[in-house]
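Structure first, then comments.
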Amino acid sequence: MRRRWAAVAVALGGGLLLAGCQLPTFGAPKAITTQGQDSIKLWQGFFIAGAVVFLFVFTLIAWAVLRYRRRSDAIPRQTQYHTLLEIFYTAVPVVIVLILFGFTFVTENNVDALPAPNLSVQVTAFQWGWQFTYLHKDVTVIGVELQDPEMVLPQDETVRISLRSHDVIHGFYVPAFDFSRYAQPGIVNKFTVNLHTLGTYRGQCTQFCGLFHSLMRFRVKVVTPAQFAVWLRTHRSSGPRTRISTAESQALGSSASSTAPTGSSGGTGT
């Protein structure tokens, strides 16, 4: 009997230990944006709520199995129609779902909110590269395939990203944002990020989009506002340093010329 209880304790303790290896995010990546942190808080709440429900249900099952296990051939006393208990186990799950729905509704509104931005960047996906146009700043960064263009953004400022595609559906994903959204032809998806942590973070296309999908990568570099101002001045005065093929230029169409005036386009350098 003691060995059985020891095995149960080891199984439960080992499971909790393995599940807690990445506390307090429970396996989710640490987000560097306000919006990503809100999503992780929602995930933490769901995980804790699920753990509490699991422990409660497991305890009831274990109690029933041990307390009413077979001791003889006699038929135990039968009980039915416990009205209060039935109301309880029907109402409690409904209340839990409503609470989780409320927190989800609030978090989604926070993540999808579009407050007045300090900076607007138009992100255009195409086969197989990215174009980052800093609206009203006369700076455009273009990178294809192995070039990995870099989108430089200021720390602790509200940045609005307008995401679109020139050809097929692409996926804009930055793991450090804890955020992903489709770039769709004919549709502009807008979202806001407030970045808090300096550094360089990888990004990639997550929607299979053709032969060189796996090479459709980019970087996001978060710098201080002062460094960002210097970067803007440098890239306004420098000529384009990223070359794209004729086919890619045609794929981008008139947008490439209209958003990147001659002599005022930035390349992939930082």
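Computed from the coordinates by the stated procedures, all read-outs in this text should not be read as laboratory data. Predicted model, so just to flag it, every value in this text is computed and none were measured. In this analysis, Cβ positions are derived from the backbone assuming ideal geometry, glycine residues included, and neighbour counts consider all displayed protein chains.
Efficiency by 1/(1 + (r/R0)^6): what FRET value for Lys190 and Val95, r their Cβ-Cβ distance, R0 = 41 Å, to the nearest 0.05?
Once rounded, the FRET efficiency stands at 0.70.
With just the Cα atoms of region 95-236, tell me how far they stretch along each of the three principal axes, in Å, largest first.
On the principal axes, region 95-236 reaches 55, 40, 26 Å in Cα extent.
List the lysines whose Cα sits under 22 Å from the Cα of Lys190, skipping any in the same chain fewer than 8 residues away.
Result set, ordered by chain and number: Lys137, Lys221.
In nanometres, what is the gap between the two model label sites at Phe56 and Leu135, each 7 Å from Cα along Cα-to-Cβ?
In this crude spin-label approximation the distance works out to 4.7 nm.
So how much slack lies between Ala74 and Leu211, counting 0.36 nm per residue of separation and subtracting their Cα-Cα distance, in nm?
Stretched out fully, the Ala74 to Leu211 stretch lengthens by 42.3 nm.
Under 16 Å between alpha carbons, and skipping anything fewer than 8 positions from Lys30 in its own chain: which lysines qualify?
Hits, sequence-local ones excluded: Lys41.
Regarding region 110-175, what's the average projected area of the Cα-atom convex hull, expressed in nm²?
Reported value for the Cα convex hull: 5.3 nm².
What spacing in nm lies between the two simple spin-label points modelled at Lys30 and Glu157, each 7 Å away from Cα in the Cβ direction?
2.5 nm
When DSSP beta bridges are limited to those with both residues in region 96-198, what percentage is antiparallel, rounded to the nearest 5?
75 percent
If you take the Cα Rg of region 34-81 and divide it by 2.2 N^0.38 Å, with N the number of residues, what do you get?
That ratio works out to 2.02.
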